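K.L.:
Structure incoming, see below.
All of the numbers you see were taken from the coordinates with simple rules; none came from a lab. In this text the structure is predicted, and so the values were computed from the model without any measurement. In this analysis, Cβ positions are derived from the backbone assuming ideal geometry, glycine residues included, and neighbour counts consider all displayed protein chains.
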Amino acid sequence: EHEVEKMFTLKPGRLPQADVKNIIFFVRPKLELMDIITDNVLREDRGRSPQRDFHILFVPRRSLLCEQWLKEQGVLGSFIHREQYSLDLIPFDGDLLSMESESAFKECYLESDQTSLYHAAKGLMTLQALYGTIPQIFGKGECARHVANMMIRMKREFPGSQNSIFPVFDTLLLLDRNVDLLTPLATQLTYEGLIDEIYGIQNTYVKLPPEKFAPKKQGEGGKDLPTEPKKLQLNSAEELYAEIRDKNFNAVGSVLSKKAKIISAAFEERHHAKTVGEIKQFVSQLPHMQAARSSLANHTSIAELIKDITTSEDFFDNLTVEQEFMSGIDTDKVNNYIEDCIAQKHPLIKILRLVCLQSVCNSGLKQKVLDHYKREILQTYGYEHILTLNNLEKAGLLKPQTSGRNNYPTIRKTLRLWMDDVNEQNPNDISYVYSGYAPLSVRLAQLLARPGWRSIEEVLKMLPGPHFEERQQLPTGLQKKRQHGENRVTLVFFLGGVTYAEIAALRFLSQMEDGGTEYVIATTKLINGTSWIKSLMEKLEPAPF
């Protein structure tokens, strides 16, 4: 609509040929990207006519550091416009917003860089400008405290921000990721969670092995199987996906087979259409039925791919160890399965996830156990990983037990984090998303709604960071008079990332008959254990000689 000729991904070298006057760079304010832009600008042919004009848009904020860097490289003057585009919270679904800032956790907890918290506060201010002031703010954790303080300060500094919009949200709950380090380390067992664990969902898109999706033609054999990965978009706009995404994977098969029967029955209807009116009605439903059929075919293929993995021995062994740790079995000694995996040189991230999980479930490991694991890992995978181990320790994921006692059993019992009798088909508790383990973060949200955090003061003190409550005054006439049976709406903001299983658990709470609370979820980034640990790993390049 705005006459953009072409869109390119930023990469070093010469800019692609295009017959245009203006070139606009859209970038995150990161120094390594400034080097690429510098390269692009310096390689531009100054002799050509007409000359092309450069502009730069920083997302979500301009950065003095980046501009200074460009200035030192001698290219700052080439940019006619230097602006910022305040894209803070990006809607991913009807109830899900993300800042997609993959380094937020590392910046906050390892580098003490709170820029992403400022962006989060800014995003929340924008949200309040659109949907009304949120009267109650609850929070747990250091970062949550910072964000709340910044919001209160921004409100004080812009007295004009008193808006007269009727509030959509009743409560904002700010949660630090480091209040609950356990949840992302465990393997998610919902349909969407498993897709993310195995294939990785990037901005609602997933890339899948293509051979499962090749149209089957008679008598051809597999001559020309597609080689490009199959790219699918996953969100609730697709009816079937909306229905199965948050179910435990063991409950997905029966839904798919039921749907298959309904769809084939619907296609059979065409034989019964006799009159012109009936035929016309059938034809009008065709597009919807065909979409449903192709959606079913896709999800059946994905479910088969996942099932191949979840029924493997390795997956089962890994899950068994995770569940033992989470239910408090043998968390204080070296685990045989982990030792075997290191000896067989399984992927390092898998090992790190398990060792960190054990450490978190034991409030840190005994020094002897910790040293043993570290030595095994460094000798098998290489000494360059010593920096990664150091990062994990700094972040509180893999650490020695300092206080000499393990708080996790108390936390587990008080918050009912482990449920033995879990119903995966028709769940009655959020623990179905991990087949037994109820995500601590979501339990905190659930208990805040009913009966309130006063009931769990003791446990809150064991978890890192302060917990607090703030009230924001609403202008007269905007206070909510709650109708009978009307739900409260809570915005839960995860600072440092959230997993799909946690989102599923919150959606489950929203749908509970007697719940009384609907949840909207916001986060700095959608994560899983693998992407999260990866963001904390240090890459040491081998010496060039």
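K.L.:
Which three semi-axes in whole Å describe the equivalent ellipsoid of the stretch 224-335, each the square root of 5 times a Cα gyration tensor eigenvalue, listed largest first?
P.N.:
Square roots of five times the eigenvalues give 42, 16, 12 Å.
K.L.:
In addition: Restricting attention to the alpha-carbon atoms of the stretch 22-84, what are Rg (one decimal) and Dmax (integer), both in Å?
P.N.:
11.2, 34
K.L.:
Go through the stretch 434-441 residue by residue and turn each phi into a ³J(HN,Hα) via Karplus (6.51, -1.76, 1.60, θ = phi - 60°); whole Hz please, and just put x for glycine and proline.
P.N.:
Karplus-based 3J(HN,Hα) across the stretch 434-441 equals 10, 6, x, 9, 8, x, 4, 4 Hz.
K.L.:
Quick one: plug the Kirkwood hydrodynamic radius of the stretch 1-117 (C-alpha pairs) into Stokes-Einstein at 20 °C, 1.002 mPa s, and report D in µm²/s.
P.N.:
Once the numbers are plugged in, D ends up at 134 µm²/s.
K.L.:
Return the Cα extents of the stretch 429-545 along principal axes one, two and three, sorted largest first, each rounded to a whole Å.
P.N.:
Computed over the stretch 429-545, the largest-to-smallest principal extents equal 73, 37, 28 Å.
K.L.:
Separate question: Quick one: which of 298-311, 61-74 comes out on top by average Cβ neighbours within 10 Å, and what's the full order, highest first?
P.N.:
Per-residue mean Cβ counts within 10 Å order the peptides as 298-311, 61-74.
K.L.:
Put one equal scatterer on each alpha carbon of the stretch 89-190, apply the Debye formula with no solvent term, and list log10 I(q)/I(0) at q = 0.13, 0.18 1/Å to two decimals.
P.N.:
For the stretch 89-190, the Cα-only Debye profile gives -0.53, -0.98.
K.L.:
Using modelled amide H (1.01 Å from N, peptide plane; none on Pro or chain starts), what sits under 5 Å from the amide H of GLY516, excluding residues fewer than 5 places away?
P.N.:
Long-range HN contacts for GLY516: none found.
K.L.:
If you don't mind, there's one more thing I want to ask. Over the chain, what per residue volume does the convex hull of the Cα atoms give, in whole Å³?
P.N.:
Once divided by residue count, the hull of the chain is 241 Å³.
K.L.:
Stick to Cα atoms and the Kirkwood definition of Rh, then tell me Rg/Rh for the stretch 76-128.
P.N.:
For the stretch 76-128, the value is 1.08.
K.L.:
Of the listed peptides 265-273, 289-297, what is their order by residue-averaged count of other C-beta atoms within 10 Å, with the highest listed first?
P.N.:
289-297, 265-273
K.L.:
Taking all pairs of distinct Cα atoms, average 1/r, flip it, and tell me the Kirkwood hydrodynamic radius of the stretch 339-432 in Å to one decimal place.
P.N.:
15.0
K.L.:
I would also like to ask the following. Can you give the calculated 222 nm mean residue ellipticity of the chain, where each DSSP H run of n ≥ 4 adds -39,500 (n - 2.57) and the sum is split over every residue, rounded to the nearest 500 deg cm²/dmol?
P.N.:
Calculated mean residue ellipticity at 222 nm is -13000 deg cm²/dmol.
K.L.:
I need the P(r) histogram for the stretch 1-55: all alpha carbon pairs, bin width 5 Å from 0 out to the longest distance, whole percents.
P.N.:
The distribution over the stretch 1-55 is 4, 16, 31, 25, 15, 7, 1, given as percents.
K.L.:
Then there is this: Students often check this: by mean Cβ neighbours within 10 Å, which of 528-537, 448-457 ranks highest, and how do the rest follow?
P.N.:
Taking the mean over residues of other Cβ atoms within 10 Å, the ranking is 528-537, 448-457.
K.L.:
Next up: Name the residue from PHE267, GLN344, GLY497 whose Cα lies farthest towards the positive end of the charge dipole of the chain, charges +1 on Cβ of Lys and Arg and -1 on Cβ of Asp and Glu.
P.N.:
My answer, from the dipole projection, is GLY497.
K.L.:
Another question, if that's okay. In the stretch 1-47, which chymotrypsin sites (Phe, Trp or Tyr not before Pro) fall in coil by DSSP and have 13 or fewer other Cβ atoms within 10 Å?
P.N.:
Those that pass, being in a loop and sparsely packed, are PHE8.
K.L.:
Each residue of the stretch 37-43 in turn: what ³J(HN,Hα) in whole Hz from Karplus with 6.51, -1.76, 1.60 and θ = phi - 60°, glycine and Pro shown as x?
P.N.:
Karplus values, whole Hz, x for Gly and Pro: 5, 4, 4, 4, 5, 5, 7.
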